[in-house]
Amino acid sequence: MTDIRERLVASMQHMRRSPLRLLAVAVLAVIIFAALVVVMYNVEPDHSFEVTCMQAQGREGNLVVVPGDGILQPTVEVVVAVVDEEGAAVANATVKITGIEDGPSVTTDSQGMANLSFVALLEAEEDVRHVGVKVSKSNFKTFSNDRLVTIVRT
């Protein structure tokens with residue numbers, strides 16, 4: 001162990017005396033780092049998602065009908081199904097509601113289902129509002145849909 005330490009110290013002292021060696025080590029480190037970055041950006045995830053809004057407000061589909069005038073803030077409850085490209089349920093995927101402030105985030109269960117509840121703001125001049133979803137899991141391509149749920153004023 002002492003021999004290795006002594007050799008390492010001697011090597012470091014020699015490097016201080018030889019700036020070209022130090023420069024070569026720095027260049028080699030930059031090349032290795034660049035290669036790792038290229039590999040990381042070129043690796044494609046193995047799987048992709050298919051995401052469906054199964055229910056909105058207890059009804060089949062993705063449509064939420066809200067009666068009223070002025071500013072409305074309905075609480076919306078949706079059930080989302082997440083499957084892979086072969087139709088198999090994807091458990092433990094993160095499902096996040098997008099397009100609203102503080103959109104909730106939940107994890108799918110063993111059947112690939114996620115139950116989400118959120119408050120959507122429908123401004124006085126808005127008759128239609130779309131709410132989106134973002135689904136992610138390691139080894140999967142991130143899924144985004146800006147129109148998972150449609151909220152309509154009647």
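No lab work stands behind these numbers, since they all come straight from the coordinates. Source: prediction; values computed, not measured. With ideal geometry, Cβ positions are generated from the backbone for all residues, glycine too; neighbour counts draw on all protein chains shown.
Legend: ranking of residues Ile31, Ile100, Ile151 from fewest to most surrounding C-beta atoms inside 10 Å; resulting order Ile31, Ile100, Ile151. Ellipticity at 222 nm from helices only: DSSP H runs of n ≥ 4 in the chain, each -39500 (n - 2.57), divided by the residue count, give -9000 deg cm²/dmol. Simple spin-label estimate for Glu101 and Glu77 gives 2.5 nm between the two label positions (7 Å along the Cα-to-Cβ direction from each Cα). A dipole drawn for the chain from +1 and -1 charges on Cβ atoms has a positive end, and of Gln13, Leu63, Gln111 the residue lying farthest that way is Gln13.
Sequence-distant contacts, meaning Cα pairs under 8 Å at least 6 residues apart, place the relative contact order of segment 49-153 at 31 percent. The long axis of helix 2-17 is offset from the longest Cα principal axis of the chain by roughly 90 degrees. Placing pseudo-labels 7 Å out from each Cα toward the beta carbon at Ser110 and Val9 gives an inter-label distance of 6.0 nm. Annotation: the residues Leu23, Leu122, sorted from fewest to most other C-beta atoms within 10 Å of their own C-beta, follow the order Leu23, Leu122.
Here segment 49-153 is treated with +1 on each Lys and Arg Cβ and -1 on each Asp and Glu Cβ, and its dipole about the Cα centre works out to around 200 debye. Note the angle between two axes, namely the Cα long axis of helix 19-42 and the longest principal axis of the Cα atoms of the chain, as a number of degrees from 0 to 90, rounded to the nearest 10. Taking Cα atoms only, the helix is inclined about 20 degrees.
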